[in-house]
Each structure stands twice: as C-alpha cells, then as structure tokens.
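What follows is calculated from the coordinates using simple rules that are stated; it is not laboratory data. Computed from a prediction, not measured in an experiment: that's the story for all the values here. Cβ: placed from backbone, ideal geometry, glycine included. Neighbour counts: every protein chain shown.
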Ligand code: HEM
C-alpha cells in the first residue's frame, strides 16, 4: 500500500506498489506508442498465447541491425520450434542433481560469509553477503573462476536506466548501443575466452553445455550467440536474485507479524518468498510483439504492435488475488507471474527458489535479530523494468 511504498521511497511510476489500479486492464499509450497490459488475465494471455504474441519484441524497439545482433542467441527473445529446441537442451543444466548440489553449496557459502560478518553490528546485506553467495554459485553454474564475477556488475547499468529499456535514447544523443551494449565489451571478452576454452575442452557446466547445443538445422550456436545467451541470463536472471532477497527483507521489516510467523515456523520460508515475488515483483515488466490481429481486454490490437506487460501490476490484480495489497506469507493459491508464464517461463525459477530459501534460513539462524538499518535508507535501481534494492543498497543491523 501507499504506506509501504512511501516508507521506502519507491519511484512513483511503480503505481501498483501504492495500491493504485488503472481504469482499464489494457490501454494504448500515445506517449510510448505501445500497448500497456496491466490485468492478470490479460498478461497471462499475452505470455501464454504463442499464436497471437511473440517474445521477439526486439525488432519493434526501433533498434538498428547492429544492435539487434546482440540479442541473437538470447533465449528470452527466441521463438517457435527453435526456442523449444534450445530451451529443452539448456534445461539439463538445471537438473535435479544440480539443484541438490546447489542446496548444499549455498548452505556452505552462506555460513562462510555469515562467519565473516558475525562480529559486526551492521553490514551491507547485498555487497557483503548476498552478492558473493549468488555470484559464486552463478560462476560455478557457468563454469568460470569465481573471481571473474566482478565483471557481472557491468550489467547493473541496464537496471539503472531511468528510461525503460525499450526507450533508451539519452539526452546527450547516445542511443541503446552506446548506453547499454558498448560498456559490456570487457564482460563479452572475458566470457569469450571461457567459451573458446570450453568448446575445446568441455566440462560439466553451462558454458560447455551451450557450446554443444544443436540447433534444428544441426549447426552449433555461434560464439556470439553463446555470449548473448549468458548476458541474457545474467541481466534478467542472476542479478534479480539479490533483488528478491533485498525486497524480502523490506517486506519482513514492514510486516512484523508476518516476520514473527516465519521465524516461528521455518516451513513458511517458501511461502514468504512467493509472496515477496508477488507483492514486490523484481522483474516489473516484460515485452511482447503481436504476430496477428488480436483482441485483449476488449481492445482490438493490430499485428506488429509492441506490448509492455506489467507483471508487477498483474500480481496486484484483485480479480486474481483477494486483498492484493495485503502481504500474507500463507497466501494460497499464489499463482503470481513473477517468473512469467507459458513457454518462456523462467528457466532459473527452481534455482532461485532453492538459493533464496537457504539464504533466508541461514540468515535467520545466524542473525536472529536481523533488521533493516533504520538510519540508512535503502537505494533502488532506477529502471522502471525492475523493482528492487540496488547492489550495495541495503544495510542491516544484527544487534
Ligand atoms: C529472482 C530472480 C529471477 C526473476 C525475478 C526472474 C524472472 C523471469 C521472468 C519474469 C521471465 C519471463 C520473461 C518473459 O516471459 O518475458 C524469466 C525468464 C528467464 N529466466 Fe529468469 N528470473 C530470475 C532468475 C533467473 C536465473 C537465476 C536464471 C538462470 C540462471 C534465469 C534464467 C531465465 C531464462 C533463460 C529465461 C528465458 C526463458 C525462455 O525464454 O524460455 N532467471 N525470468
């Protein structure tokens, strides 16, 4: 509700965090020249109906050919049988065996970082703790040395744009490429070295797996496509994990009765995280392109239109969630859209759920008095496409 959003200082454009709801579930935006989709049923339809809508929205962003090359290979932008084919092969990286290993690895790492912080009265929950744990397990998933994770931070800028990513056109004349793609060059070069090495000597990791993925025509993914794939999951995926943990801390702080419930009964931790995904959805919006004339929310939308689907607003739709502005860790059912829906549903969903559950269990065990530092306001990423605490932007006290 407004109290929650104002207390922490969330940006005004995240209207759903203040309990506000647009009059219509789908509306045309003259300013942005695209459709805005807010309702749960309508967002669900746009994400699930592959005959009417496509995730390949990049071509409608008004980007030039040169920039579009940097999306080639990004699973989230692939469509049709090739998307299903690549996705099926990539999913093997998130096998039950990997998830089981992840559970014990996150437990050990979380305790290792807790040991380093246990003597302090306050610390930065993200830069001193979560970024290390999440960064190390992500490096291990990829199969790169943990120290190389410092480069992941270059992707943070995408989340720090005040403009939505479709609209990045800076006042100083710099466009999408200069603002978002060029600065990633050192990261691309670092990843390229590992892709070359793993193509020659495959091991048991995601980069090796990607270097062996067979496209439908029998060819392998190119070096650039593999790099684009990894950058795709880094931006939308890995860096959203600390957002979820930071956001959940704000929820626990704002709703002490719910915090008490979870502390008293750890089996409620998964419910806490699902409700945090719904209430303070980290990936606030995604995009779709219509590939046929469609009707959505009573509006006729022509083929080749761009849609911004508001996952965060849909997760507060009263037609789907009774009392949507109430934070309730026991909410059931809680079919939120925080990880998307349909054929592009988050590949890393299971990984995030395990990782964040263990982190919270260890935090609660090791720091029973953990709370947001009342003297240092949290800092948020600027992007309207993401909702959450920025890297290094959340101090906690443990005394
Ligand atoms: C809290 C953390 C995360 C959030 C909030 C999140 C959210 C999402 C959402 C909303 C989508 C669907 C986008 C759409 O349909 O347009 C998505 C897709 C995806 N996510 Fe995640 N994600 C998270 C973590 C991860 C992680 C850790 C990984 C990988 C290690 C990952 C990999 C992917 C991939 C590859 C896709 C595209 C799937 C496809 O197009 O088939 N995500 N994610």
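Order of 92, 194, 119 from fewest to most other C-beta atoms within 10 Å?
Taking fewest neighbouring Cβ atoms as first place, the list is 119, 92, 194.
Using 7 Å Cα-to-Cβ label points, what is the residue 264/residue 304 separation (nm, one decimal)?
So the two model labels end up 6.0 nm from each other.
State whether the chain is rounded, prolate or oblate according to the following rule on the C-alpha gyration tensor (a ≥ b ≥ c being the square roots of its eigenvalues): a/c under 1.5 gives rounded; otherwise a/b larger than b/c gives prolate, and the remaining case gives oblate.
Because a/c hits 1.5 or more and a/b fails to exceed b/c, the chain counts as oblate.
Return the FRET efficiency for the residue pair residue 178, residue 118: r is the Cβ-Cβ distance, R0 is 41 Å, and the value is rounded to the nearest 0.05.
0.40
Which length gain, in nm to one decimal place, applies between residue 369 and residue 399 when the Cα-Cα distance is subtracted from 0.36 nm times their residue separation?
That works out to 10.2 nm of additional length.
Given springs between every Cα pair under 10 Å in a Gaussian network model of the chain, which of 21, 357, 316 has the largest fluctuation?
The residue with the greatest mean-square fluctuation here is 21.
Once the Cβ-Cβ distance between residue 335 and residue 33 is put in as r, and R0 is 25 Å, what FRET efficiency do you end up with, to the nearest 0.05?
So, using R0 = 25 Å, E works out to roughly 0.20.
Under 10 Å, Cα contacts only: if you run a Gaussian network model on the chain, which one of 116, 263, 214 comes out with the highest mean-square fluctuation?
Looking only at 116, 263, 214, the largest GNM fluctuation is found for 116.
Mind giving me the FRET efficiency for residue 50 and residue 224? R0 is 41 Å, r the Cβ-Cβ distance, nearest 0.05 is fine.
0.95
Can you tell me how region 53-116 classifies by the Cα gyration tensor, rounded, prolate or oblate, using a/c under 1.5 as the rounded cut?
Note, shape of region 53-116 comes out oblate.
Considering Cα pairs under 8 angstrom that are at least six residues apart, work out the relative contact order of the chain and quote it in whole percent.
Across the chain, relative contact order equals 29 percent.
Which log10 I(q)/I(0) values does region 229-351 give at q = 0.12, 0.19, 0.20 Å⁻¹ under the Debye formula, counting every alpha carbon as one identical point scatterer?
Evaluating at q = 0.12, 0.19, 0.20 Å⁻¹ gives log10 I(q)/I(0) of -0.52, -1.10, -1.18.
For region 259-296, list residues with backbone N below 13 Å from a point placed 7 Å from the Cα of residue 361 toward its Cβ?
266-271
With labels modelled as points extended 7 Å from the Cα through the Cβ direction, what inter-label distance (nm, one decimal) is found for residue 376 paired with residue 101?
3.5 nm
How many angstrom separate the Cα center of region 225-278 from the Cα center of region 1-43?
Cα centres, region 225-278 to region 1-43: 21 Å.
Which of these, 387, 248, 330, has the largest mean-square fluctuation under a Gaussian network model of the chain (Cα springs below 10 Å)?
Fluctuation is largest for 330.
How do 355, 45 line up, fewest other C-beta atoms within 10 Å first?
45, 355
So for region 17-81, Kirkwood radius off the Cα pairs, Stokes-Einstein at 10 °C and 1.306 mPa s: how many µm² s⁻¹?
In µm²/s, the coefficient is 113.
In whole angstrom, how long is each semi-axis of the equivalent ellipsoid of region 1-156, when you take the square root of 5 times every eigenvalue of its Cα gyration tensor and sort them from largest down?
One finds semi-axes of 35, 27, 17 Å for region 1-156.
For a label point 7 angstrom out from the Cα of residue 319 toward its Cβ, which stretches of region 283-303 have the backbone nitrogen within less than 13 Å?
Output list for this probe position: 296-299.
How high is the relative contact order of region 45-89, given as a whole-number percent (alpha carbon pairs under 8 Å, six or more residues apart)?
Answer for region 45-89 is 35 percent.
Using helices alone, what [θ] at 222 nm do you get for the chain, with -39,500 (n - 2.57) per DSSP H run of 4 or more residues, divided over all residues and rounded to the nearest 500?
Helices in the chain give a 222 nm mean residue ellipticity of -12000 deg cm²/dmol.
Let me know the Kirkwood hydrodynamic radius for region 340-399, please, with Cα pairs as the basis and the value in Å to one decimal.
In region 340-399 this quantity evaluates to 14.0 Å.
Quick one: plug the Kirkwood hydrodynamic radius of region 269-332 (C-alpha pairs) into Stokes-Einstein at 20 °C, 1.002 mPa s, and report D in µm²/s.
After rounding, the answer is 159 µm²/s.
Taking neighbour counts of Cβ atoms within 10 Å as a proxy for exposure, in what order, fewest first, do 53, 395, 107 appear?
107, 395, 53
How much length is gained on full extension from residue 204 to residue 68, taking 0.36 nm per residue of separation minus their Cα-Cα distance?
Stretched fully, the residue 204-residue 68 segment lengthens by 45.9 nm.
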